[in-house]
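Okay, structure first, notes after.
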Amino acid sequence: MEIKFVKRDVLKEKPPLNALGFGRYFTDYMFMIDYKDGVGWHNPVIQPYGPIELDPALMVLHYGQAVFEGLKCYKGDDGLLRLFRPLENFRRLNVSDDRLCIPYIDEKFVLSALKELIRYDADWVPEADGTSLYIRPFVVATEACVGVHPSSEYKFMIILSPVGAYYEEGFNPVKIYVEDEYVRAVKGGIGFTKGAANYAISLKGQEKAHKLGYSQVLWLDGVDRKFIEEVGSMNIFFVINNKLITPSLEGSILPGITRDSVIRLATRKGMRVEERKISIIEVYEAHEKGLLTEAFGSGTAAVISPISEFNWDNRPITVGDGKTGKVAQEMYDTLTGIQYGRIEDPLGWTQLV
Ligand SMILES: *Cc1c(COP(=O)(O)O)cnc(C)c1O
């Protein structure tokens, strides 16, 4: 499919590098393609970034049939633009789409559209260490109808946002609130997808944690409220007795690409890695015996987020010595090294734009 290009008359002014924050500024262009039953995906276009007109009966506004993805483009010291395992994001988008009755989209085609879009917006990829261009592909139901059924029309879009370094004052551990009142997902639901509804459902717990002085929520399983699932928008890892342990993917957890990368890197480095069910009780017992030396989150936004404290059932515990651990630091250095092209990429994870 040929992608139409609509040029912008006047390019936008770039935001100051030191004030980027996360997801507040958007580039000059966006990619868009429409779907209609009987026609399929059609009319791909790269056009000036800006508002789109919405019918008030648009199905996504009423029933939340929406999915998204999140990945980044990194500018290395060599000036090259790199994407990290981008095809995995579009594969996962189709997994999410399938669960939400959204039609399949050609993964290679949207990846090539993304690269074309980034080339038009190449000047927007920030250069400073730790900064990147955040990429947000998403699909929403666009049929105008207030009856409940899978929409017959969709819009797939990609928007781009230059983002600041996640750790502006160094690689600092965060405090985590273990939520045992609200739940995020259950097996059979949409926990394994990047469905927008997973975020709507998590806001209340997140707000509660913030009020109590915690930066993130650790979700427990929706049935026993005992087994560990994941943190906000990150998967979670524990280092217990020198083993790296992460909850297995049982249908309610998002299969993070960073999670998979950490598992593979740790295995290559000779660590013992276990993907299995792990309960909050086991974590607390390991802490009591002095065996819980590290915990960290993994996700595209922060890459690795060390954890200094958990609070479950009004019982706060400090992880290890409360500082960033050795494994978290090594994973962070290796992953960001590969992403910015500073070190060798032995698994062929990066692609040039
Ligand atoms: C996106 C996301 C993650 C992290 O996935 P990555 O592919 O590593 O960025 C983890 N948990 C949830 C709920 C997410 O939405």
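No value in this document is a laboratory result; all are computed from the given coordinates. Keep in mind that what you see is a predicted model, and the values were worked out from it rather than measured. All Cβ positions, even for glycine, are placed from backbone atoms using ideal geometry, and neighbour counts span all protein chains on display.
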What distance in nm lies between label points placed 7 Å from Cα along the C-beta direction at LYS108 and LYS14?
3.4 nm
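In debye to the nearest 20, how big a dipole does region 205-311 give about its Cα centre with +1 on each Lys and Arg Cβ and -1 on each Asp and Glu Cβ? It would help to have the intermediate numbers written out before the result.
Working: 13 positive and 14 negative charges, 60 e Å.
Roughly 280 debye, rounded to the nearest 20.
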Within region 285-320, find all residues whose amide N lies under 20 Å from a label point positioned 7 Å from the Cα of ALA128 along Cα-to-beta-carbon.
301-304
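State the volume of the convex hull built on the alpha-carbon positions of the chain, expressed per residue in Å³ and rounded to an integer.
Details: hull volume 50.0 nm³, N = 353.
Convex hull volume per residue, Cα atoms: 142 Å³.
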Modelling each spin label as a point 7 Å along the Cα-to-Cβ direction, I'd like the ILE3/HIS149 distance in nm, to one decimal.
3.4 nm
Cut-off under 5 Å, modelled amide H: who pairs with LEU218 long-range:
TYR177, VAL178, GLU179
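If you take every residue apart from ILE176 with its C-beta less than 12 Å away from the C-beta of ILE176, what net charge results, scoring Lys and Arg +1 and Asp and Glu -1?
Values: positive: LYS175; negative: GLU179, GLU230, GLU309.
Taking every Cβ under 12 Å from that of ILE176, the sum is -2.
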Amide H contacts of ALA66 (H built 1.01 Å from N, under 5 Å, at least 5 apart or other chain):
ALA196, ALA197
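Counting helices only, and only those DSSP H runs with n ≥ 4, report the 222 nm mean residue ellipticity of the chain as the sum of -39,500 (n - 2.57) divided by its residues, in deg cm²/dmol to the nearest 500. It would help to have the intermediate numbers written out before the result.
Details: 8 runs with 82 residues, N = 353.
Mean residue ellipticity, 222 nm, calculated: -7000 deg cm²/dmol.
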Amide H contacts under 5 Å for SER152, restricted to residues at least 5 apart in sequence or on another chain and with H modeled in the peptide plane, are GLU143
Could you tell me which of ILE304, VAL10, THR27 has its Cα farthest along the dipole of the chain towards the positive end, charges placed at Cβ (Lys, Arg +1; Asp, Glu -1), taken about the Cα centre?
ILE304
Mind checking Rg over Rh on region 48-118, alpha carbons, Kirkwood formula for Rh?
1.05
Place a point 7 Å from the Cα of ARG315 in the direction of its beta carbon; the residues of region 218-244 whose amide N falls under 19 Å from it are 218-221, 224-229, 238-241
So, with +1 on the Cβ of K and R and -1 on the Cβ of D and E, and no other charges, what is the size of the charge dipole of the chain about its Cα centre, to the nearest 20 debye?
300 debye
Residue-wise HN-Hα coupling along region 74-89, computed from phi with Karplus coefficients 6.51, -1.76, 1.60 (Hz; x: Gly, Pro)
10, 9, x, 4, 7, x, 7, 9, 10, 10, 9, 6, x, 5, 4, 5
Under a point-charge model restricted to the Cβ atoms of Lys and Arg (+1) and Asp and Glu (-1), what is the dipole moment magnitude of region 141-192 relative to its Cα centre, in debye to the nearest 20?
180 debye
